Amino acid sequence: MSIEDDLRELLAPNTGMPVYSRQFPQSLPEAYCIQRIGGRTNNSNIRRETAFVSIMACASRLEDAREHLNFARNFFTTHLPADINGRHYYLGVPLADGEIMLRPPRHAYIYHVTLEVTAEL
C-alpha cells in the first residue's frame, strides 16, 4: 500500500468524516484528503523514506475547515510512530499550513498542512 492509503487507514476510524486518498470527489463534501506531494529515500545502513504529504480538510464553513485540519495535524503528530499494514512509520512533522477558498457554486474552504512523514523502506 502507499503512504496515502496507510495514513487514511490510521485517521479514518478516529473521525466521523470520510477520508480520501489522492483526491477529493467532485462534490467536495466535508471530508479529509491525503495526497503525497514528494519525498526522498535514504539508501544508507538505515533504509527509510521521507515523504511529504498534504493533509487537507474541506468544509463549507471556514471555522469548520480550520478545526478539522487542527484535529488531523494533532492526530498524526501524536499517533506516529505506528505500524500500519506491516510498515513502520517513525514520525510525522507538520511543516507549513495554507488555505484555499472556492467561490460559488462550490462554496467550500480547504485548509491544508504539509506533513513530513518518515517510514521504513
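The values are calculated or read from the model by the stated rules, or taken from the named source; none is laboratory data. What you see is a predicted model, and the numbers here were worked out from it, not measured in a lab. We place every Cβ from the backbone using ideal geometry, glycine too, and count neighbours over all the protein chains shown. To get the accessible areas, we keep the full protein, side chains included, count just its heavy atoms, and leave off ligands, DNA and RNA. Shrake-Rupley method; radii C 1.70, N 1.55, O 1.52, S 1.80 Å.
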Checked Leu80, Leu69 against criteria (surrounded by 18 or more Cβ atoms within 10 Å (Cβ to Cβ) and within 14 Å of Leu7 (Cα to Cα)); the one match is Leu80
Listed by first then second residue, the pairs whose first member lies in the stretch 38-49 and is part of a loop (DSSP other than H, G, I, E, B), whose partner is open to solvent by 50 Å² or more (accessible area, probe 1.4 Å), with beta carbons under 8 Å and at least 6 positions apart or on separate chains, are Arg47/Thr41; Arg47/Glu120; Arg47/Leu121
Can you spot a residue in the stretch 54-62 that is under 17 Å from Phe24 (Cβ atoms) and either open to solvent by 80 Å² or more (accessible area, probe 1.4 Å) or free of Cβ contacts under 8 Å to residues at least 40 places away in the same chain (or both)?
yes
Q.
With the structure loaded, tell me whether Thr118 is surrounded by 16 or more Cβ atoms within 10 Å (Cβ to Cβ), assigned to a strand (DSSP E or B) and either in contact (Cβ under 8 Å) with a residue 40 or more places away in the chain or touching a strand residue (DSSP E or B) at 6+ places or on another chain (Cβ under 7 Å) (or both) or whether it fails that test.
A. yes
Counting only residues in the stretch 1-19 that are open to solvent by 60 Å² or more (accessible area, probe 1.4 Å) and not in a helix (DSSP H, G or I), the one farthest from Asn74 (Cα to Cα) is identified as Met1
Selection from the stretch 22-37 of residues under 14 Å from Ala72 (Cα atoms) and either assigned to a helix (DSSP H, G or I) or not β-branched (Val, Ile, Thr) (or both) yields Glu30, Ala31, Tyr32, Cys33, Gln35
